[in-house]
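Notes follow the structure.
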2 protein chains.
Amino acid sequence: MRISELSAQTGVPVPTIKYYLREGLLPEGERSAPTQAAYGEAHVQRLRVIRALITAGVSIAETRRVLEALDDPPADAHRLLGTAHAAITPPVDESLDLTAAQEAVAGLGWKPGMCDDAVLHDVARALQGLENAGFDLANGALPVYLKSMRDVADVEIAGVPTESVEAALRYVVLGSVLVEPLLLALRRVAQQVASAERFGGADAQ
Amino acid sequence: MRISELSAQTGVPVPTIKYYLREGLLPEGERSAPTQAAYGEAHVQRLRVIRALITAGVSIAETRRVLEALDDPPADAHRLLGTAHAAITPPVDESLDLTAAQEAVAGLGWKPGMCDDAVLHDVARALQGLENAGFDLANGALPVYLKSMRDVADVEIAGVPTESVEAALRYVVLGSVLVEPLLLALRRVAQQVASAERFGGADAQ
């Protein structure tokens, strides 16, 4: 199909498609004439993934790394998650103190060597952000955070498809990125529901 | 204190402080001379909050709205969360279909009128993002997401300090924003731990 048809089928404007082509997110179509290229079903699928990632707040650079991971999956199933997370996690910050993070994630069943440095640094960075703001977690909140996130991860990892590495990687990469906004949005609704139950006036019940 | 001392005490460079002053995030100091202003402890506290929000990935515009909410809290405790969430949630998108979102959040104990439209639209947007990418949640994942986020919200709302509206709002606003990166980072570590347990080779155990 031509670029105008690709646009019509995906709802992505032609100038945006051309931008993704220039940024290397979308592979070039097959040249059918000097000024014309033909696009196929693979381009439609790829455009859907790009839009979903960018709408979820993933940057162009991170989207490129996620797509590279999808295009070139590691052979070892256990390495899939590391690849997926590396694509969407900021670089390791050597100056961070990991002690508090390691203590915290021990509550997830973590033992040394069980996860990439990048995600451990992410935990340390988040704890540092709370400390910098002088914010103390609610009493008993951390154990609930740990148990909840372990429950979430268990159901997610149990669902990893094993028929092919491609299917597994697609599930892991998109599941990591696209479920994040859902979890955060559900937390906000749950907070308002819990708040209505604790503090609510007549309008809330 | 002078701007150079404010910088030394908070670790925020002077040009960055001047940028926050121009953007209206930080109130002007008290003029002590035509080209000099004096800053106090309130500026130190405010700068810590600004840095924490921006480091957590909150935009300048959202940071401004969060700070405005902190400066002008609503009188009604139940309205605090709505104010906090409105500051950090994208505007309502009238074109979104809320049916699936309302069905989902019923599992949190939600009933109509219990939360702001903005957070409900956030859930709808997240579900739409999954659908647009053609991504199906793992079997049984949604009920676990709902239970986990309700458990998280319960311990957080139980911890809202009630000695003053200011303290409650600070807790709610910062807790909403700053805990998000922690939860997401813990989920990634938990995924790698669960993956190591399911798929792990010798190097993972």
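The set of residues in region B:68-83 that are in contact (Cβ under 8 Å) with a residue 60 or more places away in the chain and within 9 Å of another protein chain (Cβ to nearest Cβ) comprises B:ALA77, B:LEU80, B:LEU81.
Of the residues making up region B:87-129, just one is within 23 Å of B:GLY57 (Cβ to Cβ) and either more than 22 Å from the chain's Cα centre (by Cα) or basic (Lys, Arg) (or both), namely B:ARG125. Counting the residues of region B:124-166 that are under 19 Å from A:TYR171 (Cβ atoms), more than 8 Å from chain A (Cβ to nearest Cβ) and outside any helix (DSSP H, G or I) gives 1.
Looking across A:GLU180, A:GLU163, one residue alone is surrounded by fewer than 24 Cβ atoms within 10 Å (Cβ to Cβ), of a type outside the set (S, T, N, Q) and free of Cβ contacts under 8 Å to residues at least 12 places away in the same chain. It is A:GLU163. Could you figure out which of (1) more than 17 Å from A:ASN132 (Cα to Cα); (2) surrounded by 15 or more Cβ atoms within 10 Å (Cβ to Cβ); (3) in contact (Cβ under 8 Å) with a residue 24 or more places away in the chain; (4) among the basic types (Lys, Arg) isn't true of B:ARG65? All conditions are met except number (3). Of the residues that make up region B:195-205, is at least one within 7 Å of chain A (Cβ to nearest Cβ), among the acidic types (Asp, Glu), surrounded by 19 or more Cβ atoms within 10 Å (Cβ to Cβ) and on the phi < 0 side of the Ramachandran plot? Among the residues of region B:195-205, not one is within 7 Å of chain A (Cβ to nearest Cβ), among the acidic types (Asp, Glu), surrounded by 19 or more Cβ atoms within 10 Å (Cβ to Cβ) and on the phi < 0 side of the Ramachandran plot, which makes the answer no.
Within region B:74-92, can one find any residue that is surrounded by fewer than 14 Cβ atoms within 10 Å (Cβ to Cβ) and of a type in the set (S, T, N, Q)? No, because not a single residue in region B:74-92 is surrounded by fewer than 14 Cβ atoms within 10 Å (Cβ to Cβ) and of a type in the set (S, T, N, Q). In a residue-by-residue description of region A:105-114, the property of being in a loop (DSSP other than H, G, I, E, B), more than 24 Å from B:GLY129 (Cα to Cα) and more than 10 Å from chain B (Cβ to nearest Cβ) applies to at least one position.
Report whether or not A:ARG22 is in contact with a strand residue (DSSP E or B) (Cβ under 7 Å, 6 or more places away or on another chain), more than 25 Å from A:GLU166 (Cα to Cα) and free of Cβ contacts under 8 Å to residues at least 12 places away in the same chain. Step through it out loud before you land on a result.
Details: in contact with a strand residue (DSSP E or B) (Cβ under 7 Å, 6 or more places away or on another chain): no; more than 25 Å from A:GLU166 (Cα to Cα): yes; free of Cβ contacts under 8 Å to residues at least 12 places away in the same chain: yes.
No.
If you go through region B:63-104 and keep only what is of a type in the set (Gly, Ala, Ser) and in a helix (DSSP H, G or I), you end up with B:ALA69, B:ALA77, B:GLY82, B:ALA84, B:ALA86, B:ALA87, B:ALA100, B:ALA101, B:ALA104.
Readers should treat all values here as calculations from the given coordinates under stated rules, not as data from a laboratory. In this text, all values refer to a predicted model and were calculated from it rather than measured experimentally. Note: ideal-geometry Cβ built from the backbone for every residue, glycine included; neighbour counts use all protein chains shown.
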